[in-house]
1. Out of the helices (runs of 4 or more DSSP H) lying entirely within the range 54-121, which hold 3 or more residues that are open to solvent by 50 Å² or more (accessible area, probe 1.4 Å)?
2. Hey, P324 hits all of (1) modelled with pLDDT of 85 or more; (2) within 21 Å of K15 (Cα to Cα); (3) of a type outside the set (A, V, I, L, M) but one; which does it fall short on?
3. Any residue at all in the range 415-428 that's of a type outside the set (D, E) and touching an Asp or Glu at 6+ places or on another chain (Cβ under 9 Å)?
4. If you go through the range 21-35 one residue at a time, how many are open to solvent by less than 80 Å² (accessible area, probe 1.4 Å) and modelled with pLDDT under 90?
5. Under 7 Å by Cβ, and 6 or more places apart or on different chains, what pairs join a residue from the range 40-52 that is under 17 Å from E76 (Cα atoms) with one that is of a type outside the set (K, R) and open to solvent by 100 Å² or more (accessible area, probe 1.4 Å)?
6. Before we move on, is P147 buried (at least 19 other Cβ atoms within 10 Å of the Cβ) and either free of Cβ contacts under 8 Å to residues at least 60 places away in the same chain or basic (K, R) (or both)?
7. Being more than 15 Å from K169 (Cβ to Cβ), in contact with a Ser or Thr (Cβ under 8 Å, 6 or more places away or on another chain) and of a type in the set (A, V, I, L, M) is the filter here, so list the residues in the range 64-92 that pass it.
8. Report, by residue number, each residue of the range 40-53 that is surrounded by fewer than 20 Cβ atoms within 10 Å (Cβ to Cβ) and among the aliphatic types (A, V, I, L, M).
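The values are calculated or read from the model by the stated rules, or taken from the named source; none is laboratory data. Keep in mind that this is a model prediction, so the values were computed, not measured. Heads up, the Cβs are rebuilt from the backbone with ideal geometry, glycines too, and the neighbour counts pull from every protein chain shown. Remember, those area values only see protein heavy atoms, side chains included, never the ligands or the DNA or RNA. Shrake-Rupley method; radii C 1.70, N 1.55, O 1.52, S 1.80 Å.
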Amino acid sequence: MLEEKDWDILLKRIKNGKCTPFLGSGACSEKISVISQIANEWAEEYDYPMEDSYNLARVAQFVAVTEEDEMLPRDEICNRITELSKEVTPKYFETPDEIHGVLADLPLSVYITTTYDDLMVQALKSRGKTPIQEICRWNEYLIQRKPTPSDFDPTPEKPLVYHLHGCYKIPESLVLTEDNYLDFLVSISKDQNLLPPRIQEAFTGSSLLLIGYKVTDWDFRVLCRILDEYLEISMGRKHISVQLVPGNVSETHEEKAQKYLDRYFEYLHIQVYWHDCCEFAKELKTRWEAFNRDITRIDTENRRPFPIKEKADKVSILFLAADPTNESRLRLGEEFREIQEKLKLAKFRDRFTLELPQLSVRPSDISQALLDTQPQIVHFSGHGTPTGALCFEDLTGKAHPIDPDALAALFEQFSGQVNCVVLNACYAEIQAKAIAKHIKYVIGMNQAIGDKAAIAFAIGFYQALGGGRSIEDAYRFGCIQIQLHGIPEYLTPVLIKKDQS
């Protein structure tokens with residue numbers, strides 16, 4: 001079972017659009033549940049000789065080989081889903097335990113599915129949204145098809161539904177047989193750009209919600225191989241898997257399977273929810289509605305929503321990060337974890353609130369994050385240019401430099417709220433001086449700074465803050481921490497105060 005703190009984290013990330021659902025075969029409605037039926041039917045029809053007649057990928061492989069027709073099982077799957085889809089109407093998604101309808105009500109921009117149906121698309125349309133569908137182009141046939149424009153920026157009103165293992169409307173796109181899964185993995189491994197930037201960002205920059213998977217299924221096993229790589233750089237966010245235990249095991253083995261998955265997922269920060277999708281859907285719907293009622297009330301004078309629980313007695317810290325794909329890679333995840341750890345262990349930890357980190361930050365994300373979190377301390381970690389510009393990301397994940405004057409103008413709008421800005425990026429002193437015209441304390445770097453020195457400075461700075469020291473003291477502690485690590489860059493950080501800019 002998920003603990004209250006797990007639900008709290010999940011609901012907050014959904015509200016901020018930092019959650020990405022992954023839908024597996026167990027999330028299909030019974031009206032369109034081809035996967036659970038067709039393997040056994042094929043095993044009987046084609047005289048499958050092995051005992052695992054429930055294993056669709058293996059049975060489909062057998063059919064494709066014995067019938068000497070690789071497309072035969074794919075075509076049959078697509079025909080079944082086409083017929084069953086006719087029975088699904090918009091009214092179906094109104095039931096409180098229908099997972100697609102519940103997910104469609106959430107303010108999310110990206111949905112990823114390893115199922116072959118388009119139920120998620122239909123659910124979103126039933127809510128008046130305009131979803132865009134895209135498939136993973138893992139084979140030569142799919143590469144030739146016209147893709148969605150790379151500059152498409154999904155929103156909750158116009159979300160992206162990404163079919164990782166294909167869609168029934170394009171039989172050639174299905175990842176179905178064992179050979180298909182192996183070819184799919186090889187393609188993903190050989191071409192890092194096979195997954196669009198917006199999908200890679202969803203993997204690394206949000207909490208993942210895995211729904212309807214079984215440990216024995218090929219779609220789950222392949223997905224784990226992909227996630228294993230991406231979650232290493234996902235800043236240690238917590239993720240949730242609504243996990244289904246195989247139906248053909250005893251209660252004893254079922255318990256062992258649960259323990260195995262709990263241990264397997266632990267290092268990936270994945271929390272397992274041991275119930276079926278209907279139960280999870282009902283609980284998610286109930287909690288989401290209660291969450292929205294409890295955290296927001298309407299200011300009748302200004303007609304603006306604002307949180308009930310004020311944070312005036314705490315110092316809010318906002319961590320912003322950008323690591324464009326065309327720049328050298330930085331250890332931003334380690335930096336955030338060190339800050340989180342030092343504040344968690346600090347004597348005065350109750351005085352601080354470390355907000356959910358904002359990653360792969362684009363220009364439009366900066367002002368939104370400042371408005372949403374209302375921080376007193378803003379920490380940026382990433383790249384800077386010799387001209388003083390900070391590098392954020394564009395829609396394709398590449399560097400988008402922002403000139404010092406533009407960012408300074410933005411911080412001027414928050415001069416009554418933000419007290420300190422930390423720019424942990426190369427050549428950020430120029431930007432720091434521009435921002436310091438409006439903000440009391442700004443820290444920048446007067447030259448290029450290495451990963452180790454940047455992380456060491458963050459450690460010392462937040463250790464001191466958590467210990468009750470002032471901003472100026474914390475700055476000095478950060479420089480000393482670089483010295484203690486034996487790094488000769490302790491003079492690189494520069495503190496600029498408003499009256500000195």
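1. Per the criteria, 56-66, 71-85.
2. (2)
3. Yes, the range 415-428 has at least one match.
4. Total meeting the criteria: 10.
5. N40/Y54
6. Here the answer is no, as P147 does not meet what is asked.
7. A64
8. M50
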